[in-house]
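A short write-up of the structure that comes next.
The values are calculated or read from the model by the stated rules, or taken from the named source; none is laboratory data. A quick note: this is a predicted structure, and the numbers were derived from the prediction, not measured. A quick note on method: Cβ atoms are made from the backbone with ideal geometry, for glycine too, and the neighbour counts reach across all protein chains shown.
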Amino acid sequence: MGEVRFGRGGVPDWLEPMVRFCSRCGTPLEFGPIGGEDRDRLGCPACGFVFYVNPRLVVTTLPITERGEVMLIRRGIEPGYDMWAQPGGFLEIDETVRAAAIRETLEETGLLVEPGEILGLYSRVPAAIVVVAFVARIVEGEPQVTHESLETRPFAADRIPWDDVAFETSVRALSDWVARVRPDLPLPDPTKIHRDFGA
Ligand SMILES: [Zn+2]
């Protein structure tokens, strides 16, 4: 996937085909000023529906082993196939952030975790996402290959495979974790972290 361009209202080009019509009455949306709004938005000229386009939340965990290593998965799906990332996925409409963290981690690693404190929040505007990363304690289970992961493996703070980490948000989250547990270690240069669009 190439460079992302931003169209009407700051909507990334890949998202634009999904926001063309009013989801209430089917009329083509128009972009422009809306009464009472402080910025131009997509609105329906027929029924007045305002289509707010907002980022989605991706819920992730850094599952930590008893030895203080972080469990990463080698991704079995795109984006980021065959590269490393922490487990996670999109928050569903009917669940809490904490429940999503537990569910996604179990689905992708076979590990039951107890999410602890939030390590950080990471915006990725071209992907229209915000990633939340919990530090999580592994409660039970053994790492498993799942339909979304080719491998789940623990990494010590000085063994993070930086060049093979799938997403910019993952590099940033892992950097924050390493800075906490091993402040003596060098970190990737944030200005040089570049990943093709993905998260
Ligand atoms: Zn409408």
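Summary of computed values
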| read-out | value |
| --- | --- |
| Subset of the range 1-34 [surrounded by 12 or more Cβ atoms within 10 Å (Cβ to Cβ), within 14 Å of the ligand (Cβ to nearest atom) and not hydrophobic (A, V, I, L, M, F, W, C)] | R24, T27, E30 |
| Complete set of residues in the range 41-54 that are surrounded by 15 or more Cβ atoms within 10 Å (Cβ to Cβ) and within 13 Å of the ligand (Cβ to nearest atom) | L42, G43, C44, F49, F51 |
| Every pair of residues 6+ apart whose Cβ atoms lie under 6 Å, when the first sits in the range 43-60 and is over 22 Å from A173 (Cα atoms) and among the aromatic types (F, W, Y) while the second is within 16 Å of the ligand (Cβ to nearest atom) and assigned to a loop (DSSP other than H, G, I, E, B) | F49/C22; F49/R24; F51/L29 |
| Number of the condition not met by R103 [criteria: (1) within 16 Å of the ligand (Cβ to nearest atom); (2) in the same structural domain as I160 (by TED's automatic domain parsing); (3) basic (K, R)] | (1) |
| Residues of the range 147-174 that turn out to be assigned to a loop (DSSP other than H, G, I, E, B) and either more than 17 Å from the chain's Cα centre (by Cα) or at pLDDT 95 or above (or both), as a count | 4 |
| Selection status of D38, in a loop (DSSP other than H, G, I, E, B), over 30 Å from E151 (Cα atoms) and away from the ligand (no atom under 16 Å from the Cβ) | yes |
| Complete set of residues in the range 76-97 that are surrounded by 13 or more Cβ atoms within 10 Å (Cβ to Cβ), under 18 Å from L57 (Cα atoms) and touching a strand residue (DSSP E or B) at 6+ places or on another chain (Cβ under 7 Å) | A85, Q86, P87, G88, G89, L91, V97 |
